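Enquirer: This is the structure I have questions about; it appears just below.
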Amino acid sequence: MWGDAWRRLRKNRVAMLCLALVALFTLMAVYGELVYRYHDFKDITPSYQKTHLDLAFQPPSSKHWMGTDGLGRDVMSRLVQGVTIAYKVGIITSLIAIPIGVFFGCIAGFFGGKVDDFVVWLYSTFASMPGLLFILAIAMVVGKGLLGIYLGIGLTTWVGICRLVRGEVIKHKSQTYVQAAQALGLGSGRIIFKHILPNISHVIIVTFTLRFPAAVGTEVFLSFLGIGVQDQPSWGLMINSARMRLWQGMWWEMTFVTLAVFLLVLAFNLLGDALRDALDPRLND
Amino acid sequence: MFKYILKRTFQMVPTVIGVILLTFVLFNVVGGDLAAIAMGKKVSLQSLETFDEQRGLNKPLFFGTRSKSRACEDQDFSDGAGRWRGYSNAVYSAEAGTLTLQPGAEIDPLAFELKAEDEFVWTVTYKGAGTLAGQALSSNDWKTEKILFQGSEEGGFSTADVPLEIRSVKFRRVVKNPFDSQLLFYVKQLARGDMGYSESQRQPVAQLLKDGVLPSLSLTVPIFFIGIILSVSLSLVCAFFRDTFVDRFLVTFSVALMSINYLVYIVAGQYFLAYKNGLFPVWGYESMRYLALPVIIGVISGLGSNIRFYRTIMLDEMYKDYVRTAFAKGVSKPRVLFVHVLKNAMIPIITNVVIAIPFLYTGSLLLESFFGIPGLGYLGINAILSSDIDVVRALVLIGAMLFVVSNLLTDICYAAADPRVKLK
Amino acid sequence: MIDSKNIIEVKDLRVHFGHGDDRVRAVDGISFSIAHGETLALVGESGSGKSISALSLTKLAPRQATYAGGQILFNNSNMLKLSDRELRKIRGSQISYIFQEPMVSFNPVFTIGWQIEEALKLHRKDLDRKAEIGRLLDLVHLPDRLAAAYPHQMSGGQLQRCMIAMALACSPELLVADEPTTALDVTVQREILNLLKELSEKVGLSTLMITHNLGIVSDLADRVCVMRKGRIVEEGATRQVLDDPQHKYTKHLMAAVPRLKPSAAKKTSPEEIDDEMKRWMPR
Ligand SMILES: Nc1ncnc2c1ncn2[C@@H]1O[C@H](COP(=O)(O)OP(=O)(O)OP(=O)(O)O)[C@@H](O)[C@H]1O
Ligand SMILES: [Mg+2]
C-alpha cells in the first residue's frame with residue numbers, strides 16, 4: 001500500500017512542492033530549536049531577543065533580509081523561532097490528541113456495546129463544547145503559556161480522530177482477517193494494536209497532516225490574544241506587535257510573518273489532501 | 001413526528017449531563033483555586049472566602065462532611081512554619097519540625113471572623129498543655145485531637161504556664177449535609193437559571209448576556225445567511241463545471257482562502273479597506289455601516305472550507321446511480337443538478353448549517369473584539385483576559401447547550417427532509 | 001447509411017478510459033445491429049464492457065470515458081456526433097434504459113409517481129399525466145396508489161416494474177435492459193422477464209438485453225453477441241450460438257452452465273428454464 005501511495009504521490013507535482021516546503025519548514029524548526037537550546041544551556045540572551053533600539057524599524061536590507069522590528073530585533077531570526085514554536089504546538093498537541101482519539105476509537109469500535117456507548121457519550125459531550133471558547137477556557141484555567149495551549153488544543157481535537165478511527169475499526173472488525181484472528185483465539189488488545197491499527201494507520205497519518213495546520217492556526221490566534229506564548233517569538237505575538245506598526249507604515253514584519261503562516265498552513269493542507277488521495281484511491285474519480 | 005421529537009429529546013439528556021459535568025470538572029476540579037485565578041493573589045483572604053461562598057466553592061467537590069476554609073491553612077510544621085512564623089510568642093524549630101507556644105501566649109490564627117452559625121473543627125497534633133477554641137489540651141506525649149467549636153466562639157490557641165508544642169494543624173468547616181457539595185450547588189444554580197456574577201464588570205452574568213445577544217446576532221446572522229447562499233451556489237458551480245478550469249480554480253481558491261489565518265483577514269481588512277481607503281469605519285458599533293466590514297470578513301473567512309465541504313457533498317451525489325437514471329430519461333444537466341442532486345444534497349447541507357447555529361449566539365470572538373462590537377464574543381474575550389470565571393463558564397455552557405439543541409433540530413430537519421428516515 | 005430493417009447500427013465502437021499507459025480499452029471496436037422488433041442479447045463475463053457499450057448508445061458512459069472511434073447510427077444520425085440537446089430528445093423518448101439495481105436507480109427523495117411524471121413532462125407534452133401514470137403502472141401490474149410511494153417503501157421487484165413503467169413512459173423504439181434481473185430474487189426474476197417478454201410483444205419493442213444469464217438468452221433473445229475484453233467474439237441467432245458455439249470462449253461460457261448443454265436441441269419451456277435457474281442462481 002505504501003509503495004503504491006508513494007508512486008501516486010510522486011506524480012502529483014503540487015504535492016511534491018508542498019513536501020519540499022514542509023521539509024524546509026521542518027529544517028527551520030530543528031535549527032530554531034537548536035539555537036534556543038544552545039542559548040538556554042549557556043544561559044545567554046539569544047540575538048533574536050536582544051533589543052537594539054538604535055536599529056529599530058529598519059526596512060529589509062542586505063543585513064536584515066526581513067528588516068527589524070520595533071525593538072531592533074531581526075525579523076527573520078524571530079520568524080525562524082516562530083517556526084519552532086508552531087511545530088512544537090503542532091506536534092505536542094498531536095501527541096496528546098491522537099493517542100486519546102485512537103485509543104477510544106479503537107476500543108469503542110472493537111468492543112461495541114457499553115464501551116461504545118460510553119465513548120460515544122464522551123465524544124459527543126466534548127463535541128458539544130464551543131470550539132475556540134472551550135480552548136480558551138482550558139488555557140485560562142491551566143494558566144497562560146504554552147502548556148495551556150497544548151492542553152487546550154490537545155484535549156479538544158481528539159474527538160474528530162476518535163470518530164474516524166471508530167468508524168474504520170467497525171469496518172475492519174467484520175473483515176475476515178480479524179475474524180480469523182479471533183477464531184485463532186488472539187487477545188483483543190493484540191488484534192486491535194497488531195492487526196487492525198496498522199491497517200488504519202493511513203487514516204491517522206492523513207489526520208495528523210490535516211490537523212497540524214489547524215493547531216498552528218489556533219496557536220497564532222491564542223498567542224495573538226496574549227493567552228499563549230509569553231516571552232518567545234511566536235508568530236501570534238509578532239502579528240500582534242506588527243499590527244500596531246503597520247499603521248505607521250512598517251509593512252515588513254506583518255508581511256513576512258503572515259506569509260510564513262500562510263505557506264506553512266497551505267503546504268500542510270495541500271499535502272494532507274494529496275496524501276489522502278494517494279492513500280485512499282477509492283476516493284479518486 | 002411528535003413521538004420522534006420526544007424520543008430524540010430524551011436521548012439528549014446524557015449529553016446535557018455530560019456537558020454540565022465537563023464544565024464542572026474543567027472549572028471546579030481542574031481549575032483548583034478559582035478565586036485566586038479570578039482575583040489574583042493580592043486580595044484579602046476574607047474577600048476570597050466571600051468569592052468562594054457566593055459560588056459554593058467552599059464546599060466539598062462531590063461529597064464530604066468536611067471542607068477547607070481559607071481562615072486557616074493546613075500546616076505541617078516539619079515542612080516549615082508558613083504564616084505561623086509571624087507570631088511573637090511562638091517559637092519555630094525547623095530541626096524538630098514543631099512550633100512551640102510559649103507560656104502565656106494568646107494566638108488567634110484565624111484570618112477573619114468565622115460565620116457564627118457554622119461549626120468548625122481543629123485537628124491538632126500536640127504535646128504539652130494549653131487551650132484551643134476554649135477546650136483544654138493536655139498530654140505528655142504526642143497526641144492528635146479533634147476539637148469541635150461553633151463559629152461564634154473564640155477559635156484560637158492560648159497557653160497558661162506550660163508551653164504547648166504543635167506538630168501539625170488542620171482547620172475544617174463541618175458540612176452538615178454531606179451531599180451539599182459544589183456539584184449540587186452548581187446544578188441548583190443552573191436549575192434556577194442563575195449564571196453567576198461577573199467579578200470584573202460587577203454585574204450579574206445574565207444581564208451581560210442579555211446585553212450582548214443583539215449586537216452578536218446583528219453580526220452573525222448576516223454572516224450566516226450570506227455565507228450559506230454564497231458557498232452553496234459556488235459549490236453548485238463547481239459541480240456543474242466539474243473538472244474544468246472553473247472548478248479547479250474554485251477549489252484552489254478555497255484552499256488558499258482556508259490557509260489564510262483569520263487574523264490576517266482582520267488586520268488586512270482593517271488596514272487596507274478601512275484605514276487606507278476609508279471604505280468602511282475602522283472601529284465601533286453605531287450604524288449598519290459599521291457592520292459591513294466585519295460581515296464581509298466573516299463571510300470570506302468561512303467560505304473556503306464551506307465551498308470544499310459542499311462541493312464534496314454535491315460530487316458524492318453526482319456519482320449515485322439515480323443521476324444516471326435521470327440522464328437516461330433525458331433530463332438536462334442543470335435540472336439534474338438543481339432538482340435531483342440538490343434535493344439530496346440538502347440533507348447533509350442542512351446538518352452542517354443547523355450545527356452552526358450555536359455560533360450565531362456565541363458571536364465571533366475575534367471580529368467583535370477587533371471591531372468593537374459589544375456582543376458576546378467581545379464579552380468572552382474580555383472575560384478570558386480578565387479571568388472572569390463566571391462569564392466564561394456561562395458562555396461555554398450556553399454554547400454547548402445550544403449545540404445539543406441544534407443537534408436535535410438537525411435530526412428533526414433530517415427526518416423532515418429525507419423520506420427514508422423512519423420516525424420510529 | 002442505416003439499413004432500413006435495422007433500428008440501430010453500431011460500427012467499430014471504441015470507448016476508452018484514461019490516457020497513455022493507463023488506458024483501459026473498455027470497448028474495443030465492436031459492431032452490431034438490432035432490427036426492428038428484434039431482441040439482441042449481449043452476454044459476456046463481468047468487466048467485458050457490456051454496460052459501457054450499452055450506455056454509449058446515447059453517450060451516457062461515465063464522464064471519464066472517451067469515445068475513441070466508431071459510429072452509432074440511429075434514425076440516420078450518428079449518436080456520437082449529436083449535440084447534448086439532440087441527445088436529450090432521444091434519451092428516454094426513443095431509447096430508454098432499465099438498470100441493474102432498481103434499489104439505487106431511483107432518486108430516494110422523490111416519489112415514484114414524480115419520477116415517472118418527469119419523463120412524461122420532458123417528452124410528451126399536452127397529456128393527462130395522472131391518468132397516464134396510472135395506465136403505466138397498470139401495464140406493469142402495479143396498483144396506482146404506489147405512485148405516491150417513495151422508493152424505499154417498495155420491494156426490489158416492484159421497483160424494477162416501476163423502472164420498466166418509466167422506461168416505457170414515452171413509448172420508446174429501443175429498450176436497453178442492463179441486467180434487469182440480476183439484483184432480484186429468482187422468483188421475481190421470472191415475473192420481470194415474463195413482463196418484459198409480454199410487453200415487447202405487445203408494443204413491438206426492439207430490445208438490447210444485457211445479461212450473464214444464458215437461460216434468459218435462450219428464452220428471450222433472437223440473436224446473441226458474445227463479448228470478451230471489449231470485443232465481440234461470436235455473434236449469431238440464439239439457437240445457433242447456444243447449440244453450436246464456435247468460439248472457444250463461448251464454449252467456456254456454456255460449460256459454466258452445466259445443464260444447458262448444446263445437445264438440448266429442443267426449445268426449452270419457460271418452466272424448465274425456471275428450474276434451471278433455480279439450480280444455478282446463487283440464492
Ligand atoms: N468509471 C470507470 N473508470 C475506469 N474504468 C472503467 C469505468 N467504468 C468501467 N470501466 C472499465 O470498463 C470495463 C467494462 O466495464 P463494464 O461496466 O462495461 O463491464 P460489464 O461487462 O458491464 O461487467 P458487469 O457484468 O460486471 O456489469 C471494465 O473492465 C472497467 O475496467
Ligand atoms: Mg454491467
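Enquirer: Residue check: is A:MET129 within 14 Å of another protein chain (Cβ to nearest Cβ) and under 25 Å from the mean Cα position of the chain (by Cα)?
Expert: Spelling it out, A:MET129 is indeed within 14 Å of another protein chain (Cβ to nearest Cβ) and under 25 Å from the mean Cα position of the chain (by Cα).
Enquirer: Could you go through the stretch C:184-193 and let me know if any residue there is within 16 Å of ligand 2 (Cβ to nearest atom) and either without any contact (Cβ under 8 Å) to a residue 40 or more places away in the chain or not hydroxyl-bearing (Ser, Thr, Tyr) (or both).
Expert: Yes - at least one qualifying residue is present in the stretch C:184-193.
Enquirer: While we're looking at this one, here's another question. Run down B:MET12, B:MET39, B:MET1 and say which single residue is surrounded by fewer than 13 Cβ atoms within 10 Å (Cβ to Cβ) and out of contact with any Pro (no Cβ under 8 Å at 6 or more places or on another chain).
Expert: Of B:MET12, B:MET39, B:MET1, the one residue that is surrounded by fewer than 13 Cβ atoms within 10 Å (Cβ to Cβ) and out of contact with any Pro (no Cβ under 8 Å at 6 or more places or on another chain) is B:MET1.
Enquirer: I would also like to ask the following. Here is a list: C:SER96, C:SER105. Which entry is crowded, with 17+ Cβ neighbours inside 10 Å, closer than 15 Å to C:ALA165 by Cβ and more than 16 Å from ligand 1 (Cβ to nearest atom)?
Expert: It is C:SER96.
Enquirer: Answer yes or no: is there a residue in the stretch C:98-119 that is out of contact with any Gly (no Cβ under 8 Å at 6 or more places or on another chain) and away from chain B (no Cβ under 12 Å).
Expert: yes
Enquirer: When residues of the stretch C:30-47 are filtered for being within 16 Å of C:GLY69 (Cα to Cα) and either free of Cβ contacts under 8 Å to residues at least 40 places away in the same chain or away from ligand 1 (no atom under 14 Å from the Cβ) (or both), how many remain?
Expert: Number satisfying all stated conditions: 2.
Enquirer: Could you figure out which of (1) in contact with a Ser or Thr (Cβ under 6 Å, 6 or more places away or on another chain); (2) free of Cβ contacts under 8 Å to residues at least 24 places away in the same chain; (3) of a type in the set (Ser, Thr, Tyr) isn't true of C:TYR249?
Expert: Just one mismatch for C:TYR249, condition (1).
Enquirer: Return the residues of the stretch B:189-215 that are within 18 Å of the chain's Cα centre (by Cα) and in a helix (DSSP H, G or I); say none if nothing qualifies.
Expert: Result: B:GLN189, B:LEU190, B:ALA191, B:VAL205, B:ALA206, B:GLN207, B:LEU208, B:LEU209, B:LYS210, B:GLY212, B:VAL213.
Enquirer: If you go through the stretch C:11-28 one residue at a time, how many are modelled with pLDDT of 90 or more, surrounded by fewer than 23 Cβ atoms within 10 Å (Cβ to Cβ) and either β-branched (Val, Ile, Thr) or away from ligand 1 (no atom under 14 Å from the Cβ) (or both)?
Expert: Count: 2.
Enquirer: I'd like to verify a number: residues in the stretch C:56-73 that are more than 8 Å from ligand 1 (Cβ to nearest atom) and either within 14 Å of chain B (Cβ to nearest Cβ) or assigned to a loop (DSSP other than H, G, I, E, B) (or both), how many?
Expert: Total satisfying the criteria: 7.
A quick yes/no check of all residues on (1) of a type in the set (Val, Ile, Thr); (2) surrounded by 20 or more Cβ atoms within 10 Å (Cβ to Cβ); (3) on the phi > 0 side of the Ramachandran plot; (4) away from chain C (no Cβ under 14 Å):
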{"site": "B:SER235", "(1), (2), (3), (4)": "no, yes, no, yes"}
{"site": "B:VAL282", "(1), (2), (3), (4)": "yes, no, no, yes"}
{"site": "B:SER287", "(1), (2), (3), (4)": "no, no, no, yes"}
{"site": "B:SER301", "(1), (2), (3), (4)": "no, yes, no, yes"}
{"site": "B:MET314", "(1), (2), (3), (4)": "no, yes, no, yes"}
{"site": "B:MET318", "(1), (2), (3), (4)": "no, no, no, no"}
{"site": "B:ARG335", "(1), (2), (3), (4)": "no, no, no, no"}
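Enquirer: Would you check which residues across the stretch C:199-217 are of a type outside the set (A, V, I, L, M) and either within 16 Å of ligand 2 (Cβ to nearest atom) or modelled with pLDDT of 85 or more (or both) and list them?
Expert: C:SER206, C:THR207, C:THR211, C:HIS212, C:ASN213
Enquirer: Within the stretch C:72-92, can you find the residues that are modelled with pLDDT under 90 and either within 16 Å of ligand 2 (Cβ to nearest atom) or among the polar types (S, T, N, Q) (or both)?
Expert: Scanning the stretch C:72-92 gives C:ASN75, C:ASN76, C:SER77.
Enquirer: Another question about this same structure. Taking A:ALA260, is it within 12 Å of chain B (Cβ to nearest Cβ), in contact (Cβ under 8 Å) with a residue 24 or more places away in the chain, assigned to a helix (DSSP H, G or I) and of a type outside the set (Val, Ile, Thr)?
Expert: The answer is yes for A:ALA260.
Enquirer: Please return the ranges of helices (runs of 4 or more DSSP H) entirely within the stretch B:307-380 where 3 or more residues are within 30 Å of A:ALA137 (Cβ to Cβ) and in contact with a Leu (Cβ under 7 Å, 6 or more places away or on another chain).
Expert: Passing ranges, in order: B:357-362, B:365-371.
Enquirer: For the stretch B:142-166, give me each residue that is crowded, with 18+ Cβ neighbours inside 10 Å, in contact with a Ser or Thr (Cβ under 8 Å, 6 or more places away or on another chain) and within 17 Å of B:VAL121 (Cα to Cα).
Expert: Answer for the stretch B:142-166, where residues must be crowded, with 18+ Cβ neighbours inside 10 Å, in contact with a Ser or Thr (Cβ under 8 Å, 6 or more places away or on another chain) and within 17 Å of B:VAL121 (Cα to Cα): B:PHE157, B:SER158, B:ILE166.
The values are calculated or read from the model by the stated rules, or taken from the named source; none is laboratory data. In this text the structure is predicted, and so the values were computed from the model without any measurement. Quick reminder, even Gly has a Cβ in these numbers, built from the backbone with ideal geometry, and neighbours come from all protein chains shown.
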